[in-house]
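Report on the following structure.
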Amino acid sequence: MSKPQKIFQFQKEPFKQLGSMLYLAQERWNQKMDNLGIVLMLAGFVLSFCCVVNAIRGKPSKKIWYSMIAAYISFGICYAISERDARNIGIAFMLICFCYIVKVVWGFLKAAIKHEKYYYKKDLLVLIAVFVLFIVGMMLPYDKAAAAQRAAESEAREIEKAASSAAAASSKAEAERQKQAESEAAASRDAESKRLAEEAASQAAADSKKAEEERNAAIKAESERLAAEVASSKKEEPASKEQSASEKAKEEERNAAIRAESEKRAASNKSASKPKKSSSSSSAKSVTTLDFDAVYKEYKSNEVRAEETYGDKRYRVTGTVNGLTDSGLANLFGGTTVTLVRQVGNTTVYFFASFPKDQKDAIMKINTGDEITFVGEYSKMSFYSCELESYTRSGKTTTVK
């Protein structure tokens, strides 16, 4: 019994291969039917549009009308074969019914506009017949398993689409949270650096004050020591008239020098106790050449930080004149505003320089297109209280006195 069973099992393999070949052939046939059905449906739409155009022009064509009906019916048959669902024939008759309804309505409107009698019985019978065919087509049998599979595939696609949308929304929210966390961390770092800078400045001021106090104490001790030495020398010397007036004058001069040195050190101690004011006044007098590219990049990165770093300081700047004006609220007291332009990488940067009234004679010498060099106080990519130093025109540089 075992040998025949093995022979039978061996002979089952060709039938399996034949079944798979038939399945692949059926799938290819269904794909061809799908493609042909799509082409026929598009052809039906085009022919429907042609029928509408011909009806509007008053030149209806029965040939195009019958071709449209044939295209729709062929579409229904092809889809019924490929999908194993005969209800597609009913859908084809539904499309034909819509087209015939449009034809009937257009004929009725045309007759009403031209005040003609419209014979609607024939069209109404045809419309009823097409509608009945649509109902019958929708009642034709279909493969329920294939329909359930298509419904399941459609539902799976919808679920996949919803999942991808949820994943995209989740990734977007995560990116927003990460961006917010980075901004908060940057703000925390800036606050910490500012606090450390303030602590360092206060520690430096305290150290300076302590050093001055120690210096004043040393000067006071030295003066007391010298005074004690003078007193002891007076006690040791005999009180006689032989002490010359020159020696007394020298002693008085030395004491006066000591007092003057003590007062001078006390005054310097008072001035050192106000470091912010002195540093600001000295920085106002100093002038440095501005690295315009670095300032612009800092300004675009963080305007507040750029203002803190470069603001309220005087710089030497070079730029090309783009325009001059003495009107507006900024020039209310007789000043002049110059618009300048510079190239930073691939970016053209425009900025302003405000010159006071006493610089008007110097401003009268420059023209649009000249390259000028001036000194001004920086604030938010503009410069104020400016003084013109030189201008270059046609390759020749002229210094303004």
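Any read-out appearing in this document is the output of simple, stated calculations on the displayed coordinates, not a laboratory observation. Everything numeric here is computed off the predicted structure, so don't read it as measured data. Positions of Cβ are backbone-derived with ideal geometry, glycine not excepted, and every protein chain shown enters the neighbour counts.
Counting Lys and Arg as +1 and Asp and Glu as -1, what is the net charge of the other residues whose Cβ lies under 15 Å from the Cβ of LEU388? Once positives and negatives cancel, what remains is -1.
Highest mean first, the peptides 77-84, 134-141 sorted by other C-beta atoms within 10 Å per residue fall in the order 77-84, 134-141. Checked against a 23 Å cut-off, the cross-linked pairs LYS360/LYS401; LYS172/LYS380; LYS62/LYS110; LYS63/LYS114; LYS179/LYS297 give Cα-Cα distances beyond that limit for LYS172/LYS380; LYS63/LYS114. Rounded to the nearest 20, the Cβ-based charge dipole of the stretch 362-401 about its Cα centre (Lys and Arg +1, Asp and Glu -1) stands at 140 debye.
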